[in-house]
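The values are calculated or read from the model by the stated rules, or taken from the named source; none is laboratory data. Because the structure is predicted, anything quoted here is derived from the model rather than measured. Neighbour counts run over all protein chains shown; Cβ positions are idealised from the backbone, glycine included.
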Amino acid sequence: MTPEGQQYLEWFYGTHVWKDLHYRGVRTLKLPLDMWNYQEIIFENNLHWVLETGTRHGGSALFFADLLAAGDREGSVVTIDVTHDALDPVATTHSHIRFLLGDSAADDMVEQVAAIIPPKRRHGLLLMLDSDHTASHVFKELTVWVPWLKPGDYLVVEDTIVNGHPVRPDFGPGPMEAIIEYLAANPGRLQADTARESKFGCTFAKHGYFRVI
């Protein structure tokens with residue numbers, strides 16, 4: 001992240017602009033620069049599926065579903081959360097989204113996802129980790145889902161910026177610490193995509209963009 005990018009990020013995050021963003025009227029807690037990166041990743045890598053942990057309002061699931069539909073992809077968006085209390089009804093009307101209720105780091109969730117996303121799928125998948133941001137939970141998600149991915153898939157771990165990287169120094173160990181621990185224990189499985197991460201000089205997924213190899 002460039003110094004200018006970090007300065008902008010700290011302003012964007014600190015002023016809570018990100019809490020008042022919407023896609024097609026549905027609240028979407030993302031950095032727009034990342035969302036532009038995501039759509040480029042999907043089309044440049046011919047990805048046909050999106051697996052998202054952390055549904056919340058459903059804005060990002062709706063965004064991804066529109067991209068898949070526009071690109072005439074074979075797959076859909078599968079999004080997981082422990083509650084649908086905040087889910088916007090608009091998102092639930094999209095035919096390319098499947099909503100799952102449960103713990104995104106639970107082993108049995110893999111079976112539920114596999115019943116929707118074919119294990120022998122012909123095309124790649126984008127995995128977005130954006131649920132509980134504690135280091136322990138993100139590490140469990142990585143442990144559960146990365147072995148399930150295939151070469152050519154893509155992984156983004158969001159909100160690595162908390163716990164002082166550079167925002168929310170009071171947060172405690174989060175996604176960044178989980179990534180460091182997972183990569184140390186599992187070398188050679190993920191390849192950092194530093195060019196993609198740094199493209200716009202600013203991201204909510206600092207050191208969180210990976211190709212599956």
**Report entry** Glu141 vs. criteria under 14 Å from the mean Cα position of the chain (by Cα), charged (D, E, K, R) and buried (at least 16 other Cβ atoms within 10 Å of the Cβ)
**Finding:** yes
Query - Residue selected from region 148-178 under the condition at pLDDT 95 or above and part of a helix (DSSP H, G or I), by the criterion farthest from the chain's Cα centre (by Cα) - result: Glu177
Query raised in the report: Which residue, of Ser95, Ser60, is at negative phi and crowded, with 20+ Cβ neighbours inside 10 Å?
Result: Ser60
Query raised in the report: How many residues are closer than 16 Å to Gly208 by Cα, out of contact with any Phe, Trp or Tyr (no Cβ under 6 Å at 6 or more places or on another chain) and hydrophobic (A, V, I, L, M, F, W, C) if we restrict to region 19-41?
Result: 2
Query - Members of region 188-205 found to be over 21 Å from Pro166 (Cα atoms) and either at pLDDT below 95 or touching a Phe, Trp or Tyr at 6+ places or on another chain (Cβ under 6 Å) (or both), listed by number - result: Gly188, Arg189, Leu190
Report summary line: Subset of region 180-213, residues more than 30 Å from Trp11 (Cα to Cα) and among the basic types (Lys, Arg), comes to Arg189
Requested in this report: Evaluate the following for Leu190: is it of a type in the set (A, V, I, L, M, F, W, C), buried (at least 18 other Cβ atoms within 10 Å of the Cβ) and within 14 Å of the chain's Cα centre (by Cα)?
Outcome: no
Report task. Could you list all residues from region 19-57 that are crowded, with 23+ Cβ neighbours inside 10 Å and without any contact (Cβ under 8 Å) to a residue 24 or more places away in the chain? Result -> none
Report summary line: Note on region 58-73: residues among the small types (Gly, Ala, Ser), touching a residue at least 24 places away in the same chain (Cβ under 8 Å) and part of a helix (DSSP H, G or I) are Gly59, Ser60, Ala61, Ala65, Ala69
Report summary line: All conditions in (1) over 19 Å from the mean Cα position of the chain (by Cα); (2) assigned to a strand (DSSP E or B); (3) of a type in the set (A, V, I, L, M) are true of Ala184 except (2)
Report summary line: Here the qualifying pairs (Cβ atoms under 6 Å; residues six or more apart or on different chains; first in region 91-117 and touching a residue at least 60 places away in the same chain (Cβ under 8 Å); second outside any helix (DSSP H, G or I)) come out as Ala91/Val26; Ala91/Gly58; Val113/Val78; Ile117/Trp49
Query raised in the report: Out of region 150-202, which residues are farther than 18 Å from Leu129 by Cβ and among the hydroxyl-bearing types (Ser, Thr, Tyr)?
Result: Thr194, Ser198
